Every structure is written in structure tokens, then in C-alpha cells.
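Engineer: Provided herewith is a single structure, encoded as C-alpha cells, for subsequent inquiry.
The values are calculated or read from the model by the stated rules, or taken from the named source; none is laboratory data. No experiment lies behind these values; they were computed from the predicted model shown. So basically every Cβ, Gly included, is an ideal-geometry build from the backbone, and we count neighbours across all protein chains shown. What goes into the accessible areas is simple: the full protein's heavy atoms, side chains included, and nothing from ligands, DNA or RNA. Shrake-Rupley method; radii C 1.70, N 1.55, O 1.52, S 1.80 Å.
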Amino acid sequence: REDLKGLYSALLVPFNEDGSVNEEGLRKIIRHNIDRMNIDGLYVGGSSGENFLLGKEEKKQIFEIAKDEAKDQIKLIAQIGSSNIYEAIELGKFVTDLAYDAISAVTPFYYRFNADEVYNYYKEITENVENDLIIYSIPLLTGVDMGIKDFERLFKLPRIVGVKYTSADFYLLERLRKTFKQQLIFSGFDEMLVPAVANNVDGAIGSTYNVNGIRSRQIFDAVKSNDLQKALEIQNLTNDFISAVLNNGLYQTLKYILQREVKSDKQFYSRKPMAQITEEQKQEAENIYQKFIK
Ligand code: SI3
């Protein structure tokens, strides 16, 4: 459990114009994260990987490429969650055979599942997959809002080791940290890293770490060593960057920057129905790249 702590990039996946996975580009992004961002691990198959737009075989392909490229150089967590529980279990077994360090599963979404249904989903996955599991809670996108009692029940399941907490509810975060000292808590919102680390999270998982990993590590370390002034200065700069990225289109802009960073001559497309980057967005992405990253 301790070994899983750290800073993870939520791996972005480049696609070809026809929607297939751009394997060469993906390998370059993984290398960039390992060799230049000095990241502790990768969160594969998350929102940033456009995972919920993909078929099962494509998810497997991405899990295989990530393991093959990263080997044992960094930690790997596979997000295998799906409202199709049979697929989630199959993917969980698949990545466990590939020797992923842990699995993570998003709360089941689309139908308004009640607390018992969410609990049974995790119970069934953990009973069928022999790996540690990190709950992926992202109420903003799933609409599934869990309270302290829901977490308490879930954390009693033997294979559940923590939560990726993508929420701005810092009261709940404080309560969770105080109550569940043995569970791992990963912060999900990159723009809120300072308050998350101040609340003693065990790590962070985010999309912008793919390109802003070095500064994010500095924020993490500065809060840990009680240098709040320094942490805030870097968070302020980081949030100028994140605001600009969000205003210009999150995935389109991050992919543009990654394409520049890894020097790929092939465009890193998004998966439909996600929109492709426009000429205007490209220009702004270039400005953001020059100003904050290069
Ligand atoms: O792949 C993933 O699951 C994530 O990257 C989740 C992560 O919490 C991101 N959340 C969303 C909604 O994209 C953040 O890293 C986010 O992109 C960032 O904080 C900018 O808002």
C-alpha cells in the first residue's frame, strides 16, 4: 500500500485521424512522463485517456502498450471501472496478469445507482480480481456523490486501499483523512494541489502532470516541508497555466503541447465525439506552450 504513494500522470492517449490508437505517439508520451517529468507513476485508462469513449479491446491495447513501454520503471495503476461490471472484472484480471501495481474503478454511472448498488459493484470487482483497488470518485462527471458513511462501508472491503478523490469538497477530504489513516487518498484536481497536500493526501493523479509534472512535484514538496509561500507561488503560476488550458480546451491543448514536447510530426487527435483542435485553438495552445512549458 505504501509503495503506491506519489505523483501520477493521468495518461493522455493520442489517436489517429481514423480514431485508432497512435501507438508510437503513446509510447513517446509515456517516455516523456518517465524521462522528463520524473513522475512516480501513470494512471492508465482514466478520464484523461478518453477511456469512456473506447471499446474493451482498445482499452486492453492501451494497458498493454503502457506496461510494455514503462516496464517496472514506474508504478502503474489501471482504471478498469465501467458501468458494464463484467467488462470491469475482465479488464481487472487482464491488467493484474500484466502485473499492474493496482487497479482503480470509477463509480458506476449513467443510471442513478443507489449506495447499495455502488457498494455491490465494488464488492463484486474486489472478490473477482486479485489486486488492490483504488475507488475513483469524480462526482462532477459521474453524478455519484458519496459521503463519509459510503466510504466507510467501502473501505471495509479487504482489497480496497484508497480513493482517487476528484472533488473540491475539502471538508469531506479533511474528514476522510482524519477518519481513515490507513487508506491512500490521491488528490484529483491539479489546480487544488496545495490544499490537498496540506490535508495530507498520499499522492496526486492528474492530467496536467503530463506536461507540468516538475512544477507539481515542487508544489507537493514545498507544502510537505512547510514552505507554504513557495508552494503558493508555484501553484499561482501553475493555475495561470491550467486556467489558460481549460479556457482553450483541456485535452486538445494538452495533446498539442505533448505533440510539441515529444516532437511528433503526426497530430495527436482526440477520440470522437470529442472535438478536434481548431486552427485558432492551435495558435492559443502554442502561446500557452511558449509561455508556460517550453
Ligand atoms: O484521467 C483521469 O481520470 C483524470 O485525469 C482525472 C483528473 O482528476 C482530472 N480531472 C478531470 C475532470 O479531467 C484533473 O487532472 C483535471 O484535468 C485538472 O485538474 C484540470 O481541471
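Engineer: Given the conditions (1) away from the ligand (no atom under 13 Å from the Cβ); (2) farther than 28 Å from residue 5 by Cα, and given that residue 202 satisfies all but one, which numbered condition is not satisfied?
Structural biologist: Failing condition for residue 202: (2).
Engineer: Could you say which residue among 60, 71 is basic (Lys, Arg), closer than 26 Å to residue 118 by Cα and surrounded by fewer than 20 Cβ atoms within 10 Å (Cβ to Cβ)? It would help to see each step written out before you state the result.
Structural biologist: Values: 71 fails: closer than 26 Å to residue 118 by Cα.
After ruling out the rest, the residue left standing is 60.
Engineer: When both residues are 6+ apart or on different chains and their Cβ atoms are under 7 Å apart, which pairs have a first residue that lies in the range 271-294 and is farther than 22 Å from residue 49 by Cβ and part of a helix (DSSP H, G or I), and a second that is at pLDDT 95 or above and open to solvent by 100 Å² or more (accessible area, probe 1.4 Å)?
Structural biologist: Pairs found: none.
Engineer: Taking the range 171-199, which residues are of a type in the set (D, E, K, R) and away from the ligand (no atom under 15 Å from the Cβ)? Give the derivation first.
Structural biologist: Here is the first cut: in the range 171-199, the residues of a type in the set (D, E, K, R) are 174-175, 177-178, 181, 190-191.
Within the range 171-199, 174, 175, 177, 178, 181 meet the criteria.
Engineer: Looking only at the range 148-170, which residues are more than 18 Å from residue 77 (Cβ to Cβ) and within 16 Å of the ligand (Cβ to nearest atom)?
Structural biologist: 167, 168, 169, 170
Engineer: In the range 5-16, what residues are open to solvent by less than 10 Å² (accessible area, probe 1.4 Å) and farther than 7 Å from residue 203 by Cβ?
Structural biologist: Matches in the range 5-16: 9, 10, 11, 12, 13, 14, 15.
Engineer: Here's another thing I want to ask about it. Among 228, 250, which is within 15 Å of the ligand (Cβ to nearest atom) and at pLDDT 95 or above? Write out each step before concluding.
Structural biologist: Working: 228 fails: within 15 Å of the ligand (Cβ to nearest atom).
Testing whether each residue is within 15 Å of the ligand (Cβ to nearest atom) and at pLDDT 95 or above leaves just 250.
Engineer: Tell me yes or no: at least one residue of the range 40-48 is open to solvent by 20 Å² or more (accessible area, probe 1.4 Å) and without any contact (Cβ under 8 Å) to a residue 40 or more places away in the chain.
Structural biologist: Within the range 40-48 (the criterion being open to solvent by 20 Å² or more (accessible area, probe 1.4 Å) and without any contact (Cβ under 8 Å) to a residue 40 or more places away in the chain), the answer is no, since none of the residues qualifies.
Engineer: Please go through (1) part of a helix (DSSP H, G or I); (2) open to solvent by 20 Å² or more (accessible area, probe 1.4 Å); (3) of a type in the set (A, V, I, L, M, F, W, C); (4) without any contact (Cβ under 8 Å) to a residue 40 or more places away in the chain for residue 237 and return the number of the only condition it doesn't satisfy.
Structural biologist: Failing condition for residue 237: (4).
Engineer: Could you list, in sequence order, all residues of the range 167-186 that are out of contact with any Lys or Arg (no Cβ under 7 Å at 6 or more places or on another chain), free of Cβ contacts under 8 Å to residues at least 40 places away in the same chain and within 23 Å of residue 92 (Cβ to Cβ)? Explain how you work it out, then say what you get.
Structural biologist: Residues of the range 167-186 that are out of contact with any Lys or Arg (no Cβ under 7 Å at 6 or more places or on another chain), as a first pass: 167-183.
Still in the list and also free of Cβ contacts under 8 Å to residues at least 40 places away in the same chain: 167-181, 183.
Once the filter is applied, which keeps residues that are out of contact with any Lys or Arg (no Cβ under 7 Å at 6 or more places or on another chain), free of Cβ contacts under 8 Å to residues at least 40 places away in the same chain and within 23 Å of residue 92 (Cβ to Cβ), the range 167-186 yields 180, 183.
Engineer: Shifting gears a bit: Could you tell me which numbered condition residue 138 fails, if it satisfies all but one of (1) within 16 Å of the ligand (Cβ to nearest atom); (2) under 22 Å from residue 29 (Cα atoms)?
Structural biologist: It is condition (2) that residue 138 fails.
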